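Visitor: Can you read through this structure? Questions will come right after.
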């Protein structure tokens, strides 16, 4: 919906490989295929890494220093190549566990990551509908 020249749509998630949904607000991966209904919650830093990779998936590659600065340092965390390697490895395992069999991201030239952008489709939601649904849900809980 467009009001006053502004869209109420906001990015609320991504589909990955056509069968996995990454819902940003809850940091959850959901496989919604008939054969493999599965769900897994991501830890905050792992979710931040995935969000950063997906938001920058149009780039040929994303350098390690850029990732560490935006995922760790901007969140007042200590960045290191080892932490980046460990979280990216764990994220790959989570994606495999939830049913994404094709590699979503991979190392490029030993200095960054590339995202298989063919697997990534952004999902936009009507911000006002989501906000009103949350408000009505909280009113129901309080009643």
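The values are calculated or read from the model by the stated rules, or taken from the named source; none is laboratory data. Small disclaimer: the values here were computed from a predicted structure and weren't measured. For neighbour counting, all protein chains shown are included, and Cβ atoms are generated from backbone atoms with ideal geometry for every residue, glycine included.
Visitor: Please determine whether any residue of the stretch 15-31 is surrounded by fewer than 19 Cβ atoms within 10 Å (Cβ to Cβ) and over 21 Å from residue 122 (Cβ atoms).
Guide: no
Visitor: Anything in the stretch 73-118 that is touching a strand residue (DSSP E or B) at 6+ places or on another chain (Cβ under 8 Å) and closer than 15 Å to residue 59 by Cβ? List them, or say none.
Guide: Hits for the stretch 73-118 are 104, 105, 106, 107, 108, 111, 112, 113, 114, 115, 116.
Visitor: Out of 56, 36, report the one residue that is out of contact with any strand residue (DSSP E or B) (no Cβ under 6 Å at 6 or more places or on another chain), touching a residue at least 40 places away in the same chain (Cβ under 8 Å) and surrounded by fewer than 19 Cβ atoms within 10 Å (Cβ to Cβ). Step through it out loud before you land on a result.
Guide: Working: 56 fails: out of contact with any strand residue (DSSP E or B) (no Cβ under 6 Å at 6 or more places or on another chain).
Just one listed residue meets the conditions, 36.
Visitor: In addition: So if I check each of 43, 27, which one is over 15 Å from residue 104 (Cα atoms), free of Cβ contacts under 8 Å to residues at least 40 places away in the same chain and under 10 Å from the mean Cα position of the chain (by Cα)?
Guide: Numbers: 43 fails: under 10 Å from the mean Cα position of the chain (by Cα).
None of the others qualify; the one that does is 27.
Visitor: So, one more: Looking at the stretch 91-103, I want the residues that are over 17 Å from residue 117 (Cβ atoms) and have a partner that is modelled with pLDDT under 95 and in a loop (DSSP other than H, G, I, E, B) with Cβ atoms under 7 Å, at least 6 apart or on another chain. Which pairs are those?
Guide: Short answer, once both residue conditions are applied: 99/19; 99/33; 99/36.
Visitor: Can you tell me how many residues in the stretch 126-143 are touching a strand residue (DSSP E or B) at 6+ places or on another chain (Cβ under 9 Å) and either at pLDDT below 50 or under 17 Å from residue 16 (Cβ atoms) (or both)? Give the steps one after another, and end with the answer.
Guide: Taking the stretch 126-143 first, the residues touching a strand residue (DSSP E or B) at 6+ places or on another chain (Cβ under 9 Å) are 126-128, 130.
Applying the additional criterion that residues be either at pLDDT below 50 or under 17 Å from residue 16 (Cβ atoms) (or both) yields 130.
Total satisfying the criteria: 1.
Visitor: Further question on the same structure: Suppose we keep only residues that are outside any strand (DSSP E or B) and in contact with a helix residue (DSSP H, G or I) (Cβ under 7 Å, 6 or more places away or on another chain) within the stretch 5-28. Which one would you say is modelled with the lowest pLDDT?
Guide: Step one: list which residues in the stretch 5-28 are outside any strand (DSSP E or B), which gives 5, 8, 17-19, 24-27.
Restricting the remaining residues to those that are in contact with a helix residue (DSSP H, G or I) (Cβ under 7 Å, 6 or more places away or on another chain) gives 8, 17, 24, 27.
Numbers: 8: 79, 17: 93, 24: 95, 27: 95.
Restricting to residues being outside any strand (DSSP E or B) and in contact with a helix residue (DSSP H, G or I) (Cβ under 7 Å, 6 or more places away or on another chain), the top hit is 8.
Visitor: While we're here: Taking the stretch 35-71, which residues are in a helix (DSSP H, G or I), in contact with a helix residue (DSSP H, G or I) (Cβ under 7 Å, 6 or more places away or on another chain) and farther than 18 Å from residue 92 by Cβ?
Guide: Let us first name the residues in the stretch 35-71 that are in a helix (DSSP H, G or I), namely 44-55, 64-71.
If we keep only those that are in contact with a helix residue (DSSP H, G or I) (Cβ under 7 Å, 6 or more places away or on another chain) as well, we get 45-46, 48-50, 52, 64, 67-68, 70-71.
Within the stretch 35-71, just 70 meets the criteria.
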